[in-house]
């Protein structure tokens, strides 16, 4: 017993319990300013060393075991992948390619890597390989288009039918006949697969494309015309309908923030690529080939189709602009806005006081309007319109403003020199028919006197007379949106070669 008491006393003496509130004791602080110079550490690394946080042993251990397990898992996955690659047969590869083609999951756009067999690829010339690559690019584009159209149908069109957000007429304007587009483009894709032989080689594609293009005219003209109104309906609904805003937010989260308009604009953005794709195939087709005449015919059909589409879009843009203007009879007594058939351009301008206007240039007049600050995106006509025969544009630079011009009694300023040049070119286009009519009048008057006094038409004006402008600055029959897409695709094709 005594020995046990001695042991207990010894333990209690050596391991004494801390006093109450011992752990709450504040840290001691020196109250005196007197310190020893020998105790000071004035090296540069002294402060950094004191502030450096040491990692706990548990953190070091966990990171070590985590990295080790990840490396072992990576080795296992790599080994499994290598084993699958080694045992994969050519027949299995062909089945995967066929399933991907019909599912629209083409990741590598290369005919040599995805379609061609090794024995056929080694016997082809460089030009023929490029021709096959161009044909395969057309096929891959159809796959991507079908994928986007299916997303539009499954994720937007079908769910929005039960929401009652849009009327039936608005839904028809927004989406058109999506199923018809899927059917037509799916037919071209399937026919291009059937044109390949066992080695993946396509001998002739031109006649198939020509027969397929005959089905596109009415469908694409109507779709591109309705897209002008669809964009207006979509913008107004985004500003006025809370339910539609919530619907778009949920869909964008599941589709990686892809906008609805991106899918609605898929047909128009695709149709302007076909001339470039067909010309690329024709460029690599040898002279005298059985496919040459058909490809040239396909290019002519596409050119005529784009002209018709551009004209239809221009008419729709003019009618839409007319509906957006609240016309006052005292400012437009001759109904120039209502009788307009072409919208040359539109955009914001300012006067010298900084007042903002939204200006419309029709083929009949120039109108200055102001926004009514309502979600319907309409404009009030605030000044008398300037008829087309009274338009007199002058370049002025008041108050050192280089981006201004004078039209009638108004001095207007644009954002920069580029926008001013845009307006000046648009006014020049508008004055061309007036110059032509005056030339005809002068010719009739001088018939008896001879043709020595007849005004000579400059070459630039003759070129302008052969063009029909529909939206902003245009060259030939193409709108500014179509020309940008064509130029972008041309630049990409040049870079790829």
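Rule-based calculations on the coordinates, nothing more; no lab input. Everything quoted here is computed from the prediction, not taken from an experiment. Neighbour counts run over all protein chains shown; Cβ positions are idealised from the backbone, glycine included.
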If a residue counts only when it is touching a residue at least 12 places away in the same chain (Cβ under 8 Å), out of contact with any helix residue (DSSP H, G or I) (no Cβ under 9 Å at 6 or more places or on another chain) and within 20 Å of residue 170 (Cβ to Cβ), which helices (runs of 4 or more DSSP H) contained entirely in the range 212-312 have at least 2 such residues? 217-240
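Please return the ranges of helices (runs of 4 or more DSSP H) entirely within the range 113-193 where 2 or more residues are within 21 Å of the chain's Cα centre (by Cα).
Fully inside the range 113-193 and qualifying: 126-151, 168-175.
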For the structure I just gave you, tell me whether residue 340 is touching a strand residue (DSSP E or B) at 6+ places or on another chain (Cβ under 6 Å) and in a helix (DSSP H, G or I). no
